[in-house]
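Report on the following structure.
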Amino acid sequence: MKTENIIMEDLIKKAAKDIAGSNKVIALTGAGVSVESGIPPFRGEGGLWEKIDPMEFAHIDAFLRDPAKVWNILIREMKDIVDKARPNDAHKGLSKLEKLGILNVIITQNVDGLHQMAGNSDVIEFHGNFAWQKCLDCGKKIETFKISLNEIPPKCSCGGILRPDCVFFGEMIPPEHLMRSRKVSYECDIMLVIGTSALVQPAAYMPVIAKESGAIVIEINPESTPLTGSISNYLIRGNAGKIIKEIVAEVERLMQSIKNV
Ligand code: NAD
Ligand code: ZN
């Protein structure tokens, strides 16, 4: 345990040094970054997939086949959880890194809007945003908090069924988000890969683009992923909130000591 702590402290210092020496840092985040805000991930311990089958609820065909079922079992519960969630130390730390002029862009697979709530100004929402619902018939968008759940599935004023403005399994990533994500991944010199199982494509390919174009890829996750030991340069094992807070404190200390020289 003691040795593990020493290794982790060393890696936090190493990451801070790498980050402080760059102004082309980007982050790719996944559901794990919001776990400490009370939003369960899909996979892993306590994940939603332990309770329900993804293909039965999160695939677009399943939604179109039976929208009421998906609203009742998945979307309604998600709305309750996301409404209550607030940014945690991981979101706040990434916002601080932007204010320090270090972090440029976040590519997030999350749909909870917590990076923006924490103050990050450039967030690519790879899988859309749960804050909005879209009419299946006329395409009109309505803010999720304005929707009444008295009728399931909820409907637009035109009578069409509403769906979350998120990317379901079986749907395409909005091309402009995919193109920009590829571009920033290609251009960065450090990519922080935080709280993602790196199993969902094409998001999981962004670290590969970064690595192949010469960037350092740093993973923060309690578990290893398919990127660990091949694509990522190193994995800092643990919860994102604690680790990011410590990295940011160390980056600030390094920046201050450079100023004082
Ligand atoms: P995932 O559910 O597949 O994996 C979660 C990852 O987070 C795992 O690797 C796990 O080890 C890690 N993790 C758990 N707790 C953590 C913590 N405290 N700190 C850091 N890491 C932690 O997540 P994914 O890779 O993002 O893919 C799932 C898809 O589901 C995403 O595309 C996303 O759209 C969607 N999703 C979004 C939310 C959200 O918006 N918050 C929540 C669940 C799922
Ligand atoms: Zn409509």
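Computed values, structure above
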read-out: The chain: angle of helix 89-99 to the longest principal axis, Cα-based, in degrees nearest 10; value: 70 degrees
read-out: Euclidean distance of C-alpha centroids, the range 147-163 and the range 63-100, integer Å; value: 20 Å
read-out: The range 26-180: translational diffusion in µm²/s, Stokes-Einstein, Kirkwood Rh over Cα pairs, 4 °C, 1.567 mPa s; value: 79 µm²/s
read-out: Helix-derived mean residue ellipticity, 222 nm - over the chain, DSSP H n ≥ 4, -39500 (n - 2.57), to 500; value: -11000 deg cm²/dmol
read-out: Accessible carbon and sulfur surface of the range 2-260 relative to its total accessible area, %, 1.4 Å; value: 53 percent
read-out: Rounded to 5, the percent of DSSP beta bridges in the chain classed as antiparallel; value: 30 percent
read-out: Calculated SAXS-style log₁₀ I(q)/I(0) at q = 0.07, 0.10, 0.11, 0.13 Å⁻¹ - the chain, Debye, Cα scatterers; value: -0.26, -0.51, -0.61, -0.83
read-out: Cα gyration tensor, the range 185-261 - rounded (a/c under 1.5), prolate or oblate; value: oblate
read-out: Distance violations [Cα-Cα > 27 Å] among Lys13/Lys96; Lys146/Lys183; Lys51/Lys245; Lys92/Lys141; Lys14/Lys242; value: Lys146/Lys183; Lys51/Lys245; Lys92/Lys141
read-out: Inter-label distance for Ile142 and Asn260, nm, one decimal - labels placed 7 Å from Cα along Cα-to-Cβ; value: 5.8 nm
read-out: Helix 175-187 axis, angle to the chain major axis (alpha carbon atoms, nearest 10°); value: 10 degrees
read-out: 0 to 90° range, to nearest 10: angle between helix 2-20 axis and the chain longest Cα axis; value: 90 degrees
read-out: Per residue solvent-accessible surface (Å²) - the range 2-260, probe of 1.4 Å; value: 49 Å²
read-out: Sparse-neighbour loop sites [trypsin sites (Lys or Arg not before Pro); the range 25-84; at most 12 other C-beta within 10 Å; DSSP]; value: Lys51
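The values are calculated or read from the model by the stated rules, or taken from the named source; none is laboratory data. Note that this is a predicted model, so its numbers are computed, not measured. Backbone-built Cβ (ideal geometry, glycine too); neighbour counts: all protein chains shown. For the accessible areas, the whole protein counts, side chains as well, though only heavy atoms, and no ligand, DNA or RNA atoms are used. Shrake-Rupley method; radii C 1.70, N 1.55, O 1.52, S 1.80 Å.
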